[in-house]
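Heads up: the structure comes next, in structure tokens.
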């Protein structure tokens, strides 16, 4: 991983990030859709950053990795449950807002669909997604492992179903594999 510190924040690029981009492009994905996905992902993360800055907290790190962009928040709680929840849900909120505005304005359906997918996907209770961190916040860490295991199994079943139907994308599969591997290996 390449990392450098700028203004007290570690900025990093994991080698998995360009590898996943290359794989997606090599499998015939159109560049416009990839660019749309990257822009929507960046806007999602700006939602988190905006609320962190509103609450006067700077992230410890921002990392581009094979599954997207990861913002590492400062250790511990911000100030309250409400502020932590606002920061966690801000990214998905931005995606849902952009999807609604895009649909109402008649924007490209790729933009609307990508924002909806990112918003919903990030609500899943996997450790590195907003939903996983929100689950930990809501339950004080109780039952988190059980809920995550159930979601991994359900998601795996959905991906198999999609693969049988010929509709699974390589980026969805790779993101799921990275998330599932992180769950399994981080628990050990």
Extended-chain gain in nm, criterion 0.36 nm per residue less alpha-carbon gap, residue 3 and residue 32: 7.6 nm
Using the alpha-carbon centroid of each, what span in Å lies between segment 142-188 and segment 90-134? 19
Just need the relative contact order of the chain here, percent rounded to a whole number, with Cα pairs under 8 Å and 6+ apart. 19
FRET efficiency (residue 58, residue 145; Cβ distance; R0 30 Å; to 0.05) is 0.50
Let me see the P(r) profile for segment 2-187: every Cα-Cα distance counted, bins of 5 Å, each bin given as a percent of all pairs. 1, 7, 14, 19, 21, 19, 12, 5, 2, 0
When the helices in the chain are scored as -39500 (n - 2.57) per DSSP H run of 4 or longer and the sum is shared across all residues, what 222 nm value do you end up with, to the nearest 500 deg cm²/dmol? -22500 deg cm²/dmol
First check a/c for segment 41-127, with a ≥ b ≥ c the square roots of the eigenvalues of its C-alpha gyration tensor; if it is under 1.5, answer rounded, and if not, answer prolate when a/b is larger than b/c or oblate otherwise. prolate
Sorted largest first, the C-alpha extents of segment 87-188 along its principal axes in whole angstrom are 46, 36, 16
From fewest to most C-beta neighbours within 10 Å, the residues 169, 109, 14 line up as 109, 169, 14
Between residue 15 and residue 163, what's the calculated FRET efficiency when r is the beta-carbon distance and R0 is 30 Å? Round to 0.05. 0.70
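Throughout, read-outs are computed from the coordinates displayed, never taken from laboratory work. From a predicted model like this one, the values you see are computed outputs, not experimental measurements. Neighbour counts run over all protein chains shown; Cβ positions are idealised from the backbone, glycine included.
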